[in-house]
Every structure is written in C-alpha cells, then in structure tokens.
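The structure appears right after this line, and notes come after that.
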C-alpha cells in the first residue's frame, strides 16, 4: 500500500468511496475545486492500483481541520486509516500546523477509537451537528 498526494486521476475513486460511505458525500467537483490549493492536504491510500482510502485536511495558519477520512469497507482493519492519519500529521507539521480539529458522529465508536489511539482528545460536543440521521458530533483535537 502507498500513501500519497491525491492526483486528478484519483478523484473519481475517492468520490465513489464517499458515496458508498457517507450520507452527504463529496463529489468529484468538490475535490477538483480545492485539489491544487496549497493550504489543503488531499491524501490517498492506493493498493493494487486502486484507491482504497482518502483523507482531507484544510489548514489555516496553526490549525488544520480534518474534513474527512474514508476507507473502503473491504479494506478496513488493515491500518489504512491510521497510515493516512500519520502521513497527514507529517504533512501538517511541515506547514506549521500546531493542532488538528475534527468532528465525528457520537455513535461512530470505531472512528472515535482510531482518533483516541492517534492522540486526539475529546474537547466538546456539538449538539445536533449531523443530519440523516440527526446526531451530536464529538469535537476532538490533537496537538502536534
């Protein structure tokens, strides 16, 4: 498996993963609008020539927002999400980012477990943040 910067040829596969896994997925157009922006980090996990995961962070000065991370269900529990996160941490550090923030569905125990294991702390809850279904978001933060 290879973790790399997303290129334009991988956007369709990344968008397909979004559609398969999220109620409100990003489209290819969403990826295209920001792919070349120097303040954004778009990573893919490629295995056997296929995109099996992706991760997007938007950096603003000393803070980055983890916008989304997704792994193909057929490849979960292979360490892909963790590898994407660790590469994202390295990329953020080179940009001078000091902290990473994220929101995660309160019911998403596996994601919360991954973030806990990766050094994020729970700092707050955002009431009724998500829809379809409506749910609270746990706000988490990692200091680099």
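No lab work stands behind these numbers, since they all come straight from the coordinates. Remember, it's a predicted structure, so these values are computed and weren't measured experimentally. With ideal geometry, Cβ positions are generated from the backbone for all residues, glycine too; neighbour counts draw on all protein chains shown.
Table for the structure above
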quantity	calculated
Label-to-label distance, nm, for residues given as residue 22 and residue 110 (7 Å Cα→Cβ offset)	1.7
Max mean-square fluctuation residue, GNM over the chain, Cα-Cα springs under 10 Å, options 68, 128, 21	128
Cα centroid separation - the range 39-54 against the range 74-119, whole Å	14
Cα gyration tensor, the range 60-128 - rounded (a/c under 1.5), prolate or oblate	oblate
Cα→Cβ-extended label distance, 7 Å offset, between residue 63 and residue 29, nm	2.9
Relative contact order, percent, the range 90-144 [alpha-carbon distance under 8 Å, six or more residues apart]	45
Cα-based shape type of the chain, given that a ≥ b ≥ c are square roots of the gyration tensor eigenvalues and the cut on a/c is 1.5	rounded
The range 4-56: relative contact order in percent, alpha carbon pairs under 8 Å with at least 6 residues between	39
FRET efficiency for residue 126 and residue 1, using Cβ-Cβ distance with R0 set to 22 Å, rounded to 0.05	0.10
Relative contact order, percent, the chain [alpha-carbon distance under 8 Å, six or more residues apart]	18
Potential lengthening between residue 38 and residue 101 on full extension [0.36 nm per residue; Cα-Cα distance subtracted]	20.8 nm
